[in-house]
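The values are calculated or read from the model by the stated rules, or taken from the named source; none is laboratory data. Quick caveat: nothing in here was measured; it's all calculated off a predicted structure. Quick reminder, even Gly has a Cβ in these numbers, built from the backbone with ideal geometry, and neighbours come from all protein chains shown. When the accessible area is computed, the model is the full protein with side chains, heavy atoms only, and any ligands, DNA or RNA have been set aside. Shrake-Rupley method; radii C 1.70, N 1.55, O 1.52, S 1.80 Å.
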Amino acid sequence: MLPRTIISLSVALFAAPFAHAATPSAPAAKSEINQLVDTFKAAIIAKDGKKLDTLFVAENSSWFSALGQTSLDQMRAKKPDAKRFKAEPDAYKGFTKFVGGTTHAIEEKFDNVRIDTDGTIGSVYFDYVFLLDGKPTNHGNETWQVVRTDDGWKINAMLYSIILDQAK
């Protein structure tokens, strides 16, 4: 029995490096995730809600947003029960509908984009500014959880802070 265990363990140890080699390299995966980021930004500018919709995991995607203190104070002045934090399962559907239906020029600018991945899952973190008709409406930090699916990289979860910009 012991020789069979040693042989099985030897085969497993020998095969492990080859199984890991089948996973795409981190640099290649980072490039693919960066393409997801670029496609996201381009779909917003093009007001292509349908394309934007394809960038999310269709089942159980989650959006979470958190207002900064000054923005929360501004919101509570108008709506006293405004919440600092919102968990919004599948809220991306409302966003993609807005993007596809707006008559305004819209854009989300990203700076300091950082991507971390093992080739199967990853995270994207960046500073953003959302523009409506060329004017900033809000900005903050945003992070995505992404996953490699059979259809490519998809956004599974999004968390972002909201700092409202003053109308100018």
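Could you please let me know if THR70 is assigned to a helix (DSSP H, G or I) and either at pLDDT below 95 or open to solvent by 60 Å² or more (accessible area, probe 1.4 Å) (or both)?
Yes; evaluated as a whole, the condition is true for this residue.
Is it the case that VAL124 is surrounded by fewer than 16 Cβ atoms within 10 Å (Cβ to Cβ), in a strand (DSSP E or B) and touching a residue at least 40 places away in the same chain (Cβ under 8 Å)?
So VAL124 fails the test.
Before we move on, is GLU88 farther than 16 Å from ILE163 by Cα and open to solvent by 90 Å² or more (accessible area, probe 1.4 Å)?
Spelling it out, it is not the case that GLU88 is farther than 16 Å from ILE163 by Cα and open to solvent by 90 Å² or more (accessible area, probe 1.4 Å).
I'm told THR143 meets every condition in (1) out of contact with any Asp or Glu (no Cβ under 9 Å at 6 or more places or on another chain); (2) at pLDDT below 95 except one. Can you identify the failing condition by its number?
Result: THR143 fails condition (2) only.
Could you look through segment 26-57, keep only residues that are touching a Phe, Trp or Tyr at 6+ places or on another chain (Cβ under 8 Å) and outside any helix (DSSP H, G or I), and pick out the one that is surrounded by the most Cβ atoms within 10 Å (Cβ to Cβ)?
Top of the filtered list is PHE56.
Which one is nearest to the chain's Cα centre (by Cα) among residues in segment 91-108 that are charged (D, E, K, R) and open to solvent by less than 90 Å² (accessible area, probe 1.4 Å)?
GLU108
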